[in-house]
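Single-structure report; data block below.
Please treat every number below as a calculation from the coordinates, not as lab data. Computed from a predicted structure; not experimentally measured. Reconstructed Cβ throughout: ideal geometry from the backbone, glycine too, with neighbour counts over all protein chains shown.
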Amino acid sequence: MSIDPVTLAVLKGRLEQIADEMDATLFRSAFNPIIAEAHDASHGLYHATSGETLIQGKAGLPIFVGAMAFAVKAVIDKAARDGDLADGDVYIFNDPYDGGTHLSDFKLVRPYFRQGKLFCWLASVGHWHDVGGNVPGNYNPVATECFQEGMLIPPVKLYAAGQYRPDIVAILQSNSRLPGSLYGDLNGQVNALDLGIRRLDALLADYGDAVVAEGLAELRDRAARLMRARLADLPDGRWSAEDILDNDGISDRKLTIALDVEIAGETLTLDFSRSSAPCAGPLNISYATAVASCYVALKHLFPDVPANAGVLDPIRFVIPDTTLLNVKAPKPVGGYTETILRVIDVVFQVFSRIAPERAPAPAYGTINALSLAGHRKDGQRWVMFSFFGGGHGAHAGGDGLNHGNAPISTATIPPLEILEAAYPVMFRQWALRPDSGGAGKHRGGLGAVYEIELLEEEAQVFLFGERGTAAPPGVLGGGAAARNRFFYPDGEGMAEPALVSKLNGLKISRGQRLRLETPGGGGWGSPAERSEAAVARDRALGYVTKVQA
Amino acid sequence: MSEQRFIVGVDVGGTFTDLFFLDEASGACDVVKVPSTRGNEAAGFRDGLGRKLDRLDTVATVVHGTTVGTNALLERKGAPCGLITTAGFRDVLEMRRRDRPETWGLKGSFVPPIPRDLRVEVAERTLADGTVLEPVDTEAVKAAARDLLAKGAQAVAIAFVNAYANPANEQAALAALREVWPNPHVTVASDLLPEIREFERTSTAALNGYLQPVVASYLERLDAGLREDGFAGDLLIVQSNGGVMTVDTAKERPVRTALSGPAAGVIASAHIAASAGYPNVITCDMGGTSFDVSLIAGGDIALAAQTAVDFGLVVRSPMIEITTIGAGGGSIAWVDDGGILQIGPESAGSIPGPVAYGQGNDRPTVTDANVVLGRINAERPIGGKLKRLDVEAARAAIEKHVGKPLGLDAVAAADAILRVANARMAGALRLVSIERGYDPRDFAALPFGGGGALHAGALIRDVGLKSALVPRYPGVTSALGCVIADMRYDFVHTINRQLGQLDAAALAARAAELTAQGRRLLARAEVMFTAEDVVIEADMSYVGQTHTLAVALEAADLDDAGTLRGAFERAYLKAYGRLLDGIAVRLLNLRLAVIGRRPKLDLKRLAPTGTGSIAAARTGSRPMFAAGAWADTPVYDRLALPVGAEIAGPAVLEQLDTTIIVEPGQTARVDDFGNVVLS
């Protein structure tokens, strides 16, 4: 190494600031609340030839930290095939099989040239409000092919050598129910990339291209070294865990996510071979997504490892294409959030035995993508689409957080007053759900109850959720949380969907209500070890109302 | 009765209480620093006044920057407070916006300021358009109030869903509550903050209630104590927005003091900078655990709409925007397992403090690096509590924890700590300038507090600022800010309409109403103002966007939708570089501030007088490490340097409460006001 340690530390801060600033630019200018409020987006710098993550912003959605490298690699391969990469190009695509995650996530990838030579790539990904398909908001619980989930765009040039191609935008807009929102988000992403280029120009002018290139390489080596050191601290051995997905949205059959872990010295093997085969519905994920979700789980266990490809060096992934965790087109992948949450849950369950002080119990484990759609009296279409929260798992240091966001996300929930002002709905309840946290020495955090009443004549309801049959489990003797429940009006009473947390296009009318009760987090350690003071406090505050068995 | 001729600014900080005295009759200024008396802040306050004045009947105005509210929030030492809220929504306060304290690790927790058993629901409901669907059950409100009193609540907040759109139910609840509630500690959320977003509004109201008994009793004690000492003038309190308010308002709205202390420092900085001919500055306050920066552009202080005092403790009311990073003098330097040198966020604070303090900490801090490199005078520590600093212990700690892992000797390691710490601070300066679209070459740094001037020279070089302006008395900047702060009342009103559907005349009428309300408050304060200003802004966006842009408006702009759109487009173009055609524009909130301008202190009164010389100001020299080498570096008594003095770096300028480093290649010049300009 010839770069001095001080320059390296300073460069690291400057580079991270560039990625953070790209995040902030898109959050502020995005149109749809999934990006603006829920931060379902990400930005970073990627390696010129491998596409590996060099630097990624801290504010974006955690799952993209691992997935974006695959997206950039897909563009690198495309450009190599076509042989026409030019300065000023911006590629756009949403193919989830090469680029990870699902069709809603549009990736913009831009080469960064210095003196005619490719220095690195910049990329921006954001979750668009609507990308076509059968269901507004694109969580189609009964999709059997990706074509029912939305448009599928391969890497194409949005800008060719700096020349904007409005026809591409016209194609995208004509395939969306919300073309204005799409246009606004797209512009926000272009702005973020422009800003990244300006900031990189300034940085390279300050330090020189060679020093920055050397710094990036060194940061990668350091990240690998740090991950190896963390693994070396853990005992060698083999462990396994399994967890369940309710069903694939098509038939009422459970799906298994099985993980076999081996730690040997400084290396870690994550083997998912025993997981269920690809399914008919949208609970499949691509290889890129599977690797990215493991990265998220590990970063929760080892928060100090950087967002850099080096972290993955000492890790071997076994994710065969005979499982639902490595599928190709046109297998549907729209429900990827549920599957990766379960991948994270099994990693936590295994590590609760390897390193009990590091691993929390599983969190609520479902995104509960709920959309209500209809037309107003003036004929204008409305789509209310939101994700709902639940409890976090308990951990060695204490009880789980009540009503948190999902481990794959830093999303905040929109205020109910904003939703009521924007859509013809009224919330009847927005509350913590007592008795929903898993019992334990440390109790799981509480999930929530949301009850929504329709104020317009008619609307269609779509729900994509999980944990309706298999509740989030506890660890180390801790109890399971309460399972996810959803109620819709049926005659005089309320009913639950046949496929528990999935519902496709149910019609409801004015005055009718929907009720969602989300899971808490799993408990940590035996409930018998819980302090009397904590038990009394839970009771006084109404967090726990039932007598413990 | 004696002539009331003194205006006194009093900033009560964690360690010191600073007082700034202005004698309006003679124009003379004086500064007093006494130890703070934590837990009984009024004692230190009165002690400080007594050092200068025998009797307080000569004092016209006392302006106070207080951290009593801030500390009660941070230490969770507010009073038991109850919340009365809409049936179905008592957990809004605890559920927050479904966030978590740290992105990674999933180990956060949150204790709400009002526990669940003190949050009571009553039947009532207003819709988003302001329609009252169900009137409030006033008997239930009274029952709830009795229940809360029985459980020990000393204050209460009323916060109903959608009350921003129509406060009728909250007002009816208030009337019923007043019949049974025994004290004045009642907060009505829509009265405090008639703005959409139920969590933010409820949280602000809850924290106001939580603080009311604590802050009110403090201010009553303080006021009574001052009256006992003969004080017959006005006591004013600095708000987080940098304006002052009366004690009565502060007792009603204590949540507005959440950032009172730091705000006063920024106010003074703006005045110092403007007087010295620098309309564009970034203030830098380096404390023990943090480095706080604020932007002043064109003389205007940047305001933020809200802040979180701690995770989930959200206060939404306009406040001076202060960006904080965990890099203070006490921040610990360490090398991570990947071999990267890190500064903070862990801090040794002021107790035990840096290794050199010899109070039990053995891990090196930024201050230790300054000590080892001769930048801080080990023989004359700031604060006066310690005799001397332990340079050897600091050196050993740096060698062990930073030098060895990086393969550097102690001096190189100390230099590395400063470079990385400076880089982090530079990052904060970039964040508030470059990232907001400002060119750093148009800005000067203005360090205040104890530590900033040690690093200012390095920072202006790193960020590309044109210069640094070190005030004459950087350690009492906040107290000075108290003396000159304007009186300010902020209002917000949610509109949430597209411009096409907006009743512009009604908007203008609403603005006129709020203006009149603000002017009444100014008049009631019976304070002398040189002028009254009204500042109007609207939060606007394209329809469909969730983030809004603050658009500055004139009163005359309000009654025309076309003018409003033009103002929005100018602001949007400046922020994002491109407009979006064919998309309607929405006006979410109207914001309005009424400001009573108080007479400004002529800062020339602080300038050095007499016939000092550079030679006479020189107190000696010491070895200092700068630009990669040791050099015997001249040391000057900063306050003895005459106006116009110019000193080439490397040099050290010392005064009681700060040290200014003139880096090699830079020059320090004393301006007409006694400020030191580094460039």
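Along the charge dipole of segment B:604-678, which of B:S621, B:T611, B:A648 sits closest to the positive end, that is, farthest toward it, with unit charges on the beta carbon of Lys, Arg, Asp and Glu (+1, +1, -1, -1)?
Most positive-ward Cα: B:T611.
I'd like the Karplus ³J(HN,Hα) series for segment B:138-150: coefficients 6.51, -1.76, 1.60, θ = phi - 60°, whole numbers in Hz, and an x wherever there's a Gly or Pro.
Once θ is set to phi - 60°, the couplings for segment B:138-150 become 5, 5, 5, 5, 5, 4, 4, 4, 5, 4, 5, 4, 5 Hz.
Binned at 10 Å from 0, what are the whole-percent values of the Cα-Cα distance distribution for chain A, short to long?
Histogramming chain A at 10 Å steps yields 4, 18, 28, 27, 16, 6, 1, 0 percent.
Under a 5 Å amide H to amide H cut-off, with H placed in plane at 1.01 Å, what residues pair with B:A157 once short-range neighbours are removed?
Distant-sequence amide H within range of B:A157: B:G82, B:L83, B:I84, B:T187.
Which whole-number percent is the relative contact order of chain A (Cα, under 8 Å, 6+ apart)?
Relative contact order, chain A: 13 percent.
Just to be sure I understand: of the beta bridges DSSP finds with both ends in chain B, what percent are antiparallel, rounded to 5?
75
If you split all Cα-Cα distances of segment A:1-80 into 5 Å bins from zero, what percentages do you get per bin, shortest first?
Taking all Cα pairs of segment A:1-80, the binned fractions are 3, 15, 19, 19, 19, 14, 7, 2, 1, 0 percent.
Residues of segment B:312-339 with the amide nitrogen closer than 18 Å to a label point 7 Å from the Cα of A:A355, along Cα-to-Cβ, please.
B:336-339
Could you list which residues have their amide H under 5 Å from that of B:L588, counting only those 5 or more apart in sequence or on another chain, with H placed in the peptide plane?
Hits under the 5 Å cutoff: B:N496, B:D539, B:M540, B:S541.
What percent does the relative contact order of chain B come to when contacts are Cα pairs within less than 8 Å and at least six residues apart?
11
Report the calculated FRET efficiency for B:K604 and A:V156 (r = Cβ-Cβ distance, R0 = 60 Å), to the nearest 0.05.
For R0 = 60 Å, the calculated efficiency reads 0.35.
Using the 10 angstrom Cβ neighbour count as an exposure proxy, how do A:M426, A:M68, B:M286, B:M540 rank, fewest first?
The fewest-first ordering by Cβ neighbours comes to A:M426, B:M540, B:M286, A:M68.
Extending each Cα 7 Å along its Cβ direction at A:E492 and B:D229, get the distance between those two points in nm, one decimal.
It works out to 7.6 nm between the two label points.
Work the Kirkwood hydrodynamic radius out for chain B: mean of 1/r over every pair of different alpha-carbon atoms, inverted, in Å.
For chain B, the Kirkwood estimate is 26.7 Å.
Taking the beta-carbon count within 10 Å as an exposure proxy, list A:M22, B:M624, A:M151 from fewest neighbours to most.
So the ranking, lowest neighbour count to highest, is A:M151, B:M624, A:M22.
Please quote Rg/Rh for segment A:360-549 to two decimal places, taking the Kirkwood radius as Rh and restricting both calculations to Cα atoms.
1.03
Among B:V12, B:V670, B:V186, which comes first, then next, by fewest other beta-carbon atoms within 10 Å?
B:V186, B:V670, B:V12
Evaluate 2.2 N^0.38 Å with N set to the residue count of the protein assembly as shown, then give the Cα radius of gyration divided by it.
0.93
What are the trypsin sites (Lys or Arg not before Pro) within segment B:377-438 that DSSP puts in a loop, where the Cβ has at most 12 other Cβ atoms within 10 Å?
Answer by residue number: B:K385, B:K387, B:R388.
Sequence-distant or interchain residues sharing an amide H contact under 5 Å with B:H64, placed H: which?
Here B:V10, B:L236, B:I237, B:V238 satisfy the definition.
Stretched out fully, how many nm does the piece from B:T37 to B:Q501 gain, at 0.36 nm a residue minus the Cα gap?
Extra length available between B:T37 and B:Q501 comes to 161.4 nm.
Which loop-located chymotrypsin sites (Phe, Trp or Tyr not before Pro) does segment B:485-554 contain, where loop means any DSSP state but H, G, I, E or B and the Cβ has at most 16 other Cβ atoms within 10 Å?
Qualifying residues, ordered by number: B:F529.
For segment B:8-13, what does the Karplus curve 6.51 cos²θ - 1.76 cosθ + 1.60, with θ = phi - 60°, yield as ³J(HN,Hα) per residue in whole Hz, taken in order and with x for Gly and Pro?
These are the phi-based 3J(HN,Hα) values: 10, x, 10, 10, 9, x Hz.
Enumerate by residue number the GluC sites (Glu not before Pro) in segment B:526-597 meeting two conditions: DSSP loop (anything except H, G, I, E, B), and at most 11 other Cβ atoms within 10 Å of the site's Cβ.
Passing sites in segment B:526-597 are B:E526, B:E554.
Just to verify a number: FRET efficiency for B:R76 and A:D209, C-beta to C-beta distance, R0 = 60 Å, to 0.05?
Calculated transfer efficiency: 0.75.
Whole angstrom only: what separates the Cα centroid of segment B:518-545 from the Cα centroid of segment A:272-311?
So the separation of the two Cα centres works out to 52 Å.
In whole angstrom, how long is each semi-axis of the equivalent ellipsoid of segment B:604-678, when you take the square root of 5 times every eigenvalue of its Cα gyration tensor and sort them from largest down?
That gives 22, 12, 10 Å for the three semi-axes.
Which shape class applies to segment B:78-214: rounded if a/c is under 1.5, otherwise prolate when a/b exceeds b/c and oblate if not, where a ≥ b ≥ c are the square roots of the Cα gyration tensor eigenvalues?
Note, shape of segment B:78-214 comes out oblate.
Multiplying the sequence separation of B:R146 and B:V535 by 0.36 nm and subtracting their Cα-Cα distance, what value in nm do you get?
Full extension of this stretch gives 135.8 nm more.
What are the ³J(HN,Hα) couplings of segment B:350-365, residue after residue, when phi is run through the Karplus curve with 6.51, -1.76, 1.60 and θ = phi - 60°? Round to Hz, x for glycine and proline.
With the stated coefficients, segment B:350-365 comes to 9, 10, x, x, x, 4, 5, 6, x, 10, x, 7, 10, 9, x, 10 Hz.
Return the distance in nm (one decimal) between the two label points of a simple spin-label model at A:D313 and B:T611, each offset 7 Å from Cα along Cα→Cβ.
It works out to 7.1 nm between the two label points.
Quick one: pull the percentage of alpha-carbon pairs in segment B:486-597 with a separation above 18 Å.
In whole percent, the long-distance tail amounts to 49.
Semi-axes of segment A:396-461's equivalent ellipsoid from the Cα gyration tensor, sqrt of 5 times each eigenvalue, largest first, rounded to whole Å?
That gives 30, 14, 9 Å for the three semi-axes.
Where the centroid of each part is defined by its Cα atoms, how far is segment B:119-178 from segment B:591-648 in Å?
Here the two parts' Cα centres lie 57 Å apart.
Modelling each spin label as a point 7 Å along the Cα-to-Cβ direction, I'd like the B:D672/B:A627 distance in nm, to one decimal.
In this crude label model, B:D672 to B:A627 measures out at 3.2 nm.
Return the calculated 222 nm mean residue ellipticity for chain B, to the nearest 500 deg cm²/dmol, obtained by summing -39500 (n - 2.57) across DSSP H runs with n ≥ 4 and dividing by the residue count.
-9500 deg cm²/dmol
Nearest 0.05, what FRET efficiency do B:Q306 and B:E435 give at R0 = 30 Å with Cβ-Cβ as r?
E(calc), rounded to 0.05, equals 0.95.
Quote to one decimal, in nm, the extra length available between B:T131 and B:A648 on full extension: 0.36 nm per residue of separation minus the C-alpha distance between them.
179.1 nm
Normalised radius of gyration for segment A:5-225, please: alpha carbon Rg relative to 2.2 N^0.38 Å, two decimal places.
0.99
Post the alpha-carbon centroid distance, segment B:266-327 to segment A:17-90, in whole angstrom.
32
Calculate the translational D of segment A:130-283 in whole µm² s⁻¹ from Stokes-Einstein, where the hydrodynamic radius comes from the Kirkwood formula applied to all Cα pairs, the temperature is 4 °C and the viscosity 1.567 mPa s.
62
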